[in-house]
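**Student:** Okay, here's the structure, questions in a sec.
The values are calculated or read from the model by the stated rules, or taken from the named source; none is laboratory data. All values reported here derive from a predicted model rather than from experimental measurement. Note that each Cβ is placed from the backbone with ideal geometry, even for glycine, and that neighbours are counted across all protein chains shown.
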Amino acid sequence: MAELPKQYDPKQHEEKIYKKWEDAGIFAPSEKASGKPFVIMLPPPNITGSLHMGHALQDTIMDILIRWHRMMGDKTVWVPGTDHAAIATNKVIENQLYTEGKTRWDIGREAFMERTEQWYAKTGAEILNQMKRLGCSCDWGRARFTQDDGYVEAVNEAFVRYYEQGYIYRGARIVNWDPKTQTTVSDLEIDWKTEKAPLYTFTYGPFEISTARPETKFGDKYVVMHPDDKRYAKYKDGEMFEAEWINGSVTATVIKDEVIDMKFGTGVMTITPWHDTTDFEIARRHNLDMEQIIGFDGKLLPVAGEFTGLETSEARPKIVEKLQAKGLLVSINENYEHNVALNDRGKGVIEPQVMRQWFVDMKKLKGDTIEVAKKDLIRFVPPRWKKHFIDWMENVYDWNINRQIWLGHRLPVWWKAGTHGTDSEEGNFVVSIEKPAGDYEQDPDVLDTWFSSALWPFATLGWPEPTDDLKTYYPTSVLVTGRDILYLWVARMIFSGLELLKDKKYSRPAIEARIPFHDVFIHPTVLTKKGQRMSKSLGTGIDPLELIEKYGADATRFGLMYQMSYDSQAIKFDEEGIKAARNFSNKLWNIARLLESLPDRATESVADAWIQNRLQAVASEVTNLLSLYKFGEAARILHEFVWGDYADWYLEIIKVEGSTVIAREVFKTTLRLLHPFMPHITEVLWAQAGEPKLLAISAWTAEGVVVDDTSKDIAIFQEVVGAIRSARILLGIKPGSKITIFTENALPLSQALEALAKITISSEKKEGMRALPLQSGTQLFFGSDEITPDSLAAARARLKKTEEKAENLITSTKRIIAAMRGRAAEDKISEKEALVATTEQQLEDIRRSYDLLDE
RNA sequence: GCGCGUGUAGCUCAGUGGUUAGAGCAUCACAUUGACAUUGUGGGGGCCGAAGGUUCGAUUCCUUCCACGCGCACCA
């Protein structure tokens with residue numbers, strides 16, 4: 001076997017190993033697998049995107065789960081795929097056009113789509129290749145794209161079914177309009193930014209009203225106040241009055257409504273139903289007139305009179321000026337703060353508009369979704385997300401599903417020519433996948449990206465056809481995702497799955513057969529070390545590919561997992577952690593080198609039994625932690641075992657005595673346990689150890705052996721070594737100088753002890769040997785030529801300290817026992833009593849040591 | 001405003017109703033030609049965010065408060 005170089009170089013191995021796995025075809029579910037199906041759908045990244053730290057974390061988690069289950073013999077499959085990224089790509093194309101001085105309308109829909117295809121071809125699905133560099137074991141043959149033919153069919157089918165079931169309706173509602181990108185935006189995709197803006201108070205008839213947006217006020221003809229507001233008790237609901245306003249006199253009506261906050265401003269407000277959600281609701285409740293003031297281009301409409309055609313920001317100061325000139329301005333509060341709605345993609349300022357749009361009636365469609373969470377048919381991990389989910393679902397509002405961009409899934413809706421967007425819409429459309437006969441044109445809008453994403457868990461398996469894959473792999477096992485899309489995506493997959501698998505042909509009458517996944521694991525967000533969001537534009541992002549380049553994929557994976565903790569919702573990412581993980585992989589590498597260099601030796605020692613027991617404990621702990629999604633804890637336990645127990649102690653012993661056969665077996669099982677975390681290096685070392693079969697498809701744990709519990713021997717060994725090392729420093733004995741020790745008790749692993757602590761064990765107590773106190777009560781004497789009066793004084797001080805500790809322990813434990821009497825359980829008390837007894841024994845030994853020290 | 005999370009060594013984080021609260025990194029000292037300087041050994045460094053309460057005993061459980069982060073709602 002070739003000799004291994006001194007250091008592990010990931011670049012030499014990772015790509016080759018990955019190819020080995022792919023060539024062996026082990027990423028597809030094994031036909032021979034006897035276990036249950038274990039299925040994960042990759043949350044599809046944007047096809048044009050590139051891997052960021054959030055992906056790296058999420059993908060590592062999924063790959064760990066997948067590899068672990070594959071090793072356990074489950075029928076394991078990880079389905080990858082990409083999303084068409086409608087908004088992002090649409091914007092890229094529009095930006096291209098902008099630099100050419102064109103708009104999308106100039107080139108037309110067909111040419112636009114052609115450019116999109118070119119863009120997709122150019123960027124490819126590069127992100128999936130980046131996942132391969134991380135070592136992800138996806139079944140690439142099953143990869144799907146939200147705009148491949150079958151998927152488009154699924155989207156159309158879903159729309160038609162929803163429509164036929166009465167879940168989809170067309171209606172005029174207030175929606176979030178982004179004049180910048182000329183499309184609607186969902187409430188979930190809005191960023192709220194706090195902004196300082198003057199709050200103006202104006203006279204409006206007999207009232208005073210306040211507003212931060214005077215430019216919307218042209219059409220206001222209702223004043224609203226709380227029915228219980230005593231200040232305005234004399235004004236009756238429906239009462240009319242004349243008010244002088246921006247462009248002359250208006251007739252206004254008094255409305256009483258309980259949404260008014262009596263404490264805000266004057267307790268009276270005028271409403272602008274067309275451009276404000278709350279106002280819209282009030283207007284609907286009281287059946288009031290609504291009028292559009294601001295056009296879809298963000299400019300004022302003719303209702304604004306002399307201000308027509310101005311941008312809202314331009315118009316505002318001019319309007320204030322005019323009202324002031326008219327003597328209607330009462331005051332300006334310059335310190336007022338309010339929240340401005342921005343489109344989180346592109347940061348356009350949202351202008352609410354009333355528009356005819358397509359909606360999903362969520363009250364109807366949510367159906368059993370809440371039950372599914374309440375009854376834990378879908379388990380949220382960590383469980384606190386369950387409550388968030390239920391709260392949101394209980395207050396869910398109707399979902400606006402169409403967008404006015406061009407890229408995306410067209411709606412399977414056909415309008416009689418010239419009717420779309422006019423007052424004669426009603427009754428003039430057909431919902432159907434095929435174009436109906438006659439003069440029909442397709443709805444120009446596309447669906448919200450999340451409409452298609454919502455179908456991901458089953459559309460990837462061939463839905464709407466009742467395919468074998470759908471039969472075998474649905475519901476999937478676990479969804480791994482970030483909390484930011486819990487509502488946008490997770491919730492929508494759940495109610496979509498529950499509804500769209502209802503049809504008889506899927507034979508899934510039970511709710512639990514229709515859920516899209518059993519578990520939802522919400523992973524933490526990766527932040528910078530300082531706790532900032534990682535973002536390209538802020539320059540705070542870290543590229544995982546650079547980390548892979550620098551430290552290797554395994555180190556990147558392990559380092560991320562090592563920094564993760566179950567309860568925390570953020571990882572403050574520290575590159576040092578990846579460096580530490582790189583060092584860890586090097587440690588593994590060198591363990592393998594050492595094992596190769598050792599002679600074959602079968603004589604067992606207490607250390608062999610100890611390490612085997614430790615390994616079994618670690619194996620069952622790691623298995624348990626993985627089943628609880630506690631990846632960080634599992635990684636830390638493995639690290640501690642390998643570096644602390646196995647390398648620092650066990651291997652030091654095995655250099656001198658013990659079974660190298662067992663040493664190699666234990667290491668191989670360790671490689672199995674580490675494989676999901678660090679797939680490449682473990683696979684390399686597994687082969688190096690002479691195993692012919694790929695580790696990736698080997699069993700998760702080796703069969704356990706029953707061995708004696710020798711942990712006490714090891715504890716004594718460790719204590720003796722530690723005490724001698726400390727004593728050496730305390731007494732100022734040079735590292736090279738020899739120490740001789742003697743003890744009446746038999747010391748375990750005496751040969752290893754001599755080598756490790758650099759001492760000689762004497763068979764008799766020699767002249768000048770001094771007592772070294774141990775907490776375990778072992779009587780130890782040591783001698784050295786370098787012992788001086790000074791060092792003896794130090795040893796005495798050390799002894800004194802040990803004595804005091806023992807004394808304190810005894811008195812405090814006695815006090816605790818006294819306090820516990822009659823309060824605590826008997827076995828707890830006897831536990832403490834035993835502690836007192838052994839400590840008293842030790843104390844005696846320690847005191848005896850004083851005499852010996854003074855001899 | 002409501003809810004959630006976090007607060008422990010210089011930094012990133014473990015942990016526990018009961019002895020002396022731990023790790024990695026950083027720091028200091030020492031070691032080292034045979035697995036590994038991507039190493040080893042040792043040391044220094046902590047009113048466990050603050051105040052109350054429960055308890056024989058609280059860093060741990062409860063309450064309140066403070067700081068930071070996140071989500072939701074409201075914003076005339």
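**Student:** All but one of (1) assigned to a helix (DSSP H, G or I); (2) under 55 Å from the mean Cα position of the chain (by Cα); (3) more than 10 Å from RNA strand B (Cβ to nearest atom) hold for A:Lys801; which doesn't?
**Tutor:** If we test A:Lys801 against (1) assigned to a helix (DSSP H, G or I); (2) under 55 Å from the mean Cα position of the chain (by Cα); (3) more than 10 Å from RNA strand B (Cβ to nearest atom), just (3) comes out false.
**Student:** In segment A:593-636, what count of residues is obtained for those that are under 30 Å from the mean Cα position of the chain (by Cα) and outside any helix (DSSP H, G or I)?
**Tutor:** Within segment A:593-636, residues that are under 30 Å from the mean Cα position of the chain (by Cα) and outside any helix (DSSP H, G or I) number 3.
**Student:** If I filter segment A:836-854 for residues that are crowded, with 16+ Cβ neighbours inside 10 Å, within 9 Å of RNA strand B (Cβ to nearest atom) and either modelled with pLDDT of 80 or more or in a helix (DSSP H, G or I) (or both), do I get at least one hit?
**Tutor:** Yes - at least one qualifying residue is present in segment A:836-854.
**Student:** Let me ask something else. Suppose we filter A:Gly309, A:Gly298, A:Gly305 for residues that are touching a strand residue (DSSP E or B) at 6+ places or on another chain (Cβ under 7 Å), of a type in the set (Gly, Ala, Ser) and touching a residue at least 60 places away in the same chain (Cβ under 8 Å); which single one remains?
**Tutor:** On the way: A:Gly309 fails: touching a residue at least 60 places away in the same chain (Cβ under 8 Å); A:Gly305 fails: touching a strand residue (DSSP E or B) at 6+ places or on another chain (Cβ under 7 Å).
Just a single option satisfies the conditions, and that option is A:Gly298.
**Student:** Within segment A:336-394, restricting attention to residues that are within 11 Å of RNA strand B (Cβ to nearest atom) and among the acidic types (Asp, Glu), which residue is nearest to A:Thr181 (Cα to Cα)?
**Tutor:** Out of the qualifying residues, it is A:Asp344.
**Student:** Of the residues that sit in segment A:262-273 and are among the hydrophobic types (A, V, I, L, M, F, W, C) and surrounded by fewer than 21 Cβ atoms within 10 Å (Cβ to Cβ), which one is nearest to RNA strand B (Cβ to nearest atom)? It would help to see each step written out before you state the result.
**Tutor:** Quick first cut of segment A:262-273, residues among the hydrophobic types (A, V, I, L, M, F, W, C) only: A:262, A:264, A:268-269, A:271.
This time we only want the ones that are surrounded by fewer than 21 Cβ atoms within 10 Å (Cβ to Cβ), so: A:262, A:264.
Numbers: A:Met262: 7, A:Phe264: 4 Å.
So the residue we want is A:Phe264.
**Student:** Here is a check on your reading of the model: is A:Ile571 under 29 Å from A:Arg636 (Cα atoms), crowded, with 18+ Cβ neighbours inside 10 Å and in contact with a strand residue (DSSP E or B) (Cβ under 8 Å, 6 or more places away or on another chain)?
**Tutor:** Details: under 29 Å from A:Arg636 (Cα atoms): yes; crowded, with 18+ Cβ neighbours inside 10 Å: yes; in contact with a strand residue (DSSP E or B) (Cβ under 8 Å, 6 or more places away or on another chain): yes.
Considered against the rule, which asks whether it is under 29 Å from A:Arg636 (Cα atoms), crowded, with 18+ Cβ neighbours inside 10 Å and in contact with a strand residue (DSSP E or B) (Cβ under 8 Å, 6 or more places away or on another chain), A:Ile571 comes out as yes.
**Student:** Looking at A:Leu595 and the list (1) near RNA strand B (Cβ under 6 Å from one of its atoms); (2) in contact with a helix residue (DSSP H, G or I) (Cβ under 7 Å, 6 or more places away or on another chain), which single condition is not satisfied?
**Tutor:** Among (1) near RNA strand B (Cβ under 6 Å from one of its atoms); (2) in contact with a helix residue (DSSP H, G or I) (Cβ under 7 Å, 6 or more places away or on another chain), A:Leu595 violates only (1).
**Student:** Same structure again: List the helices (runs of 4 or more DSSP H) that sit entirely inside segment A:1-110 and contain at least 3 residues that are within 23 Å of A:Phe145 (Cα to Cα) and among the hydrophobic types (A, V, I, L, M, F, W, C).
**Tutor:** On the way: elements: A:10-24, A:53-71, A:86-99.
Ranges flagged: A:53-71, A:86-99.
**Student:** Related question: For segment A:132-154, what are the residues that are of a type in the set (Val, Ile, Thr) and surrounded by fewer than 22 Cβ atoms within 10 Å (Cβ to Cβ)?
**Tutor:** Applying the first criterion (of a type in the set (Val, Ile, Thr)) to segment A:132-154 yields A:146, A:152.
A:Val152, the sole residue that qualifies.
**Student:** Sticking with this structure for a sec: Checking the condition within 10 Å of RNA strand B (Cβ to nearest atom) and not polar (S, T, N, Q), which residue from A:Tyr650, A:Tyr629 passes?
**Tutor:** Working: A:Tyr629 fails: within 10 Å of RNA strand B (Cβ to nearest atom).
When all the criteria are applied, what remains is A:Tyr650.
**Student:** What are the residue pairs meeting all of these: first residue in segment A:344-359, first residue over 16 Å from A:Ile87 (Cα atoms) and at pLDDT 90 or above, second residue in a strand (DSSP E or B) and of a type in the set (Val, Ile, Thr), Cβ atoms under 6 Å, and 6 or more apart or on different chains?
**Tutor:** Taking only residues 6 or more apart or on different chains, the pairs are A:Glu351/A:Ile294; A:Pro352/A:Ile174; A:Val354/A:Ile174; A:Met355/A:Val175; A:Gln357/A:Val175.
**Student:** Name the pairs whose Cβ atoms lie under 6 Å apart, with the first residue in segment A:390-407 and over 26 Å from A:Val520 (Cβ atoms) and of a type outside the set (Val, Ile, Thr), the second at pLDDT 90 or above and surrounded by 17 or more Cβ atoms within 10 Å (Cβ to Cβ), and 6 or more positions between them or separate chains?
**Tutor:** A:Asn402/A:Gln357; A:Asn402/A:Trp358; A:Asn402/A:Asp445; A:Arg403/A:Val446; A:Arg403/A:Asp448; A:Gln404/A:Asp445; A:Trp406/A:Phe112; A:Leu407/A:Thr116
**Student:** Still on this structure: Scan A:Ala592, A:Ala580 and give me the residue that is closer than 30 Å to A:Glu652 by Cα and out of contact with any Leu (no Cβ under 6 Å at 6 or more places or on another chain). Before you say what the answer is, go through the steps one by one.
**Tutor:** Details: A:Ala592 fails: out of contact with any Leu (no Cβ under 6 Å at 6 or more places or on another chain).
Residue meeting the stated conditions: A:Ala580.
**Student:** Give A:Gly777, A:Gly736, A:Gly732 a once-over and let me know the one that is assigned to a loop (DSSP other than H, G, I, E, B) and closer than 19 Å to A:Phe717 by Cβ.
**Tutor:** Working: A:Gly736 fails: closer than 19 Å to A:Phe717 by Cβ; A:Gly732 fails: closer than 19 Å to A:Phe717 by Cβ.
Checking each option against the conditions leaves just A:Gly777.
**Student:** Name, by its number, the condition in (1) touching a His at 6+ places or on another chain (Cβ under 7 Å); (2) within 14 Å of RNA strand B (Cβ to nearest atom) that does not hold for A:Ile294.
**Tutor:** (2)
**Student:** So which pairs qualify, if the first residue must be in segment A:616-643 and closer than 20 Å to A:Val666 by Cβ, the second must be of a type in the set (S, T, N, Q) and within 13 Å of RNA strand B (Cβ to nearest atom), the Cβ gap must be under 8 Å, and the two must be at least 6 apart or on different chains?
**Tutor:** That search, which allows pairs on different chains as well, returns A:Leu638/A:Thr670; A:Phe641/A:Thr670; A:Val642/A:Thr670.
**Student:** Tell me which helices (runs of 4 or more DSSP H) are completely within segment A:509-565 and hold 2 or more residues being more than 15 Å from RNA strand B (Cβ to nearest atom), or say none if there are none.
**Tutor:** Values: elements: A:511-514, A:544-551, A:553-562.
In segment A:509-565, the matching helices (runs of 4 or more DSSP H) lie at A:511-514, A:544-551.
**Student:** Of all the residues that make up segment A:180-216, how many are within 28 Å of A:Arg483 (Cα to Cα) and near RNA strand B (Cβ under 9 Å from one of its atoms)?
**Tutor:** Adding up the residues that qualify gives 6.
**Student:** Would you kindly identify the strands (runs of 3 or more DSSP E) lying entirely within segment A:166-207 that contain at least 2 residues that are surrounded by 19 or more Cβ atoms within 10 Å (Cβ to Cβ)?
**Tutor:** So the answer is A:168-178, A:183-185, A:199-204.
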